[in-house]
Amino acid sequence: MARQGPRVLLGALGLAVIVWLFIKATQGGQTFLTETLNGLTLAALYFVVAAGFTLIFGLMRVVNMAQGSLFLFGGYVAFVAQQHWFAGGTSQFQLGGSTTTSVAGWVVPLMFATVVIGLVGLGIQQLFLRWNQGQDLRQALITIAISVIFADQMVAHYGGVVQSIQAPTSWPNTVTIGSFHYPFFRLVVVGGSAVVIGFLLYLLIKRTRFGMIIRAGVDDRPMLSALGINVQLVFAGAFFLGAMLAGLAGVLGGTMISVGPGLDTQFLLNALIVVIIGGMGSIPGA
């Protein structure tokens, strides 16, 4: 019964929030629903960033303060890829760009940026963090320095102009439920991606050998090594996956909102808050 207490309390609070939202929705109408969904879809985007941060920091105990820079860099890589390969992408202050974007014109840059950011994150782990395992302060200082360098280089190469990645024009602009309209990309693509990623990560960490090795490696690395498991290879794969999630979130964010200077710090801080409140290494908490 003692263990059930917190769950019952959380369930009661969740039910109270749902009832409150329903009452407000009936009173405030479409404006309240729109603002609520805006908050939920933005939270879904934060979750995609925080999921990678949870994997790297919460599970592996590796302090990666460059996660926000990887997010922003992923958005820029996808923007440049879309602009060069498919003549897409728009600027908030510059007219031009393609009037139509195919599904491939969005999916291919997304896949390319996700893999590139994964490789960049893997490079950071292999070159800098691998040799400083267990030294949290040194890891934090190194990745903060990398984040500052990334931020300056992105401003130098891409300018201080806010850019946007174009979503496929064949997709509907809005989802219509009765008389209520809401942007399709925010609700279906971003929200759906967060749900799918959360479910798959939970299965990966809790139900697969890879996840068990990660969790065991944090607690007793010498024992795993004695069993013949290449712990460094497993940790490199986990870091690659966490960086890929940051790149994926950058593409989603660049399409839903925009990419521009300052977003790296904003999303890093929110990812930190999510990990702290949700619990170290807890995907459901995130």
Could you tell me whether VAL275 is closer than 23 Å to LEU40 by Cβ and assigned to a helix (DSSP H, G or I)? yes
Among residues of the stretch 172-215 being touching a Leu at 6+ places or on another chain (Cβ under 9 Å) and of a type in the set (D, E, K, R), the residue nearest to LEU59 (Cα to Cα) is ARG215
Picking from GLY237, GLY281, the residue that is surrounded by 14 or more Cβ atoms within 10 Å (Cβ to Cβ) and either more than 15 Å from MET60 (Cβ to Cβ) or modelled with pLDDT of 85 or more (or both) would be GLY237
Being modelled with pLDDT under 90, of a type in the set (A, V, I, L, M, F, W, C), assigned to a helix (DSSP H, G or I) and within 30 Å of SER179 (Cα to Cα) narrows ALA16, ALA50 down to just ALA16
Taking the stretch 216-234 and keeping residues exposed (fewer than 14 other Cβ atoms within 10 Å of the Cβ) and either in contact with a Phe, Trp or Tyr (Cβ under 7 Å, 6 or more places away or on another chain) or within 18 Å of ARG61 (Cβ to Cβ) (or both) leaves ASP219, ASP220, PRO222, MET223, SER225, LEU233
Screening ARG130, ARG138 for residues that are part of a helix (DSSP H, G or I), over 20 Å from the mean Cα position of the chain (by Cα) and either within 23 Å of LEU269 (Cα to Cα) or modelled with pLDDT of 90 or more (or both) leaves only ARG138
Report whether or not VAL161 is under 19 Å from ILE257 (Cβ atoms) and either basic (Lys, Arg) or not in a helix (DSSP H, G or I) (or both).
yes
Pairs returned, first residue in the stretch 160-188 that is closer than 18 Å to GLY74 by Cβ, second residue that is part of a helix (DSSP H, G or I) and small (Gly, Ala, Ser), beta-carbon separation under 6 angstrom, 6 or more apart or interchain, are ILE165/ALA78; ILE165/GLY254
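The values are calculated or read from the model by the stated rules, or taken from the named source; none is laboratory data. Note that the structure is predicted; figures quoted are calculated from it, not measured. Please note: Cβ atoms are built from the backbone with ideal geometry, for glycine as well, and neighbour counts cover all protein chains shown.
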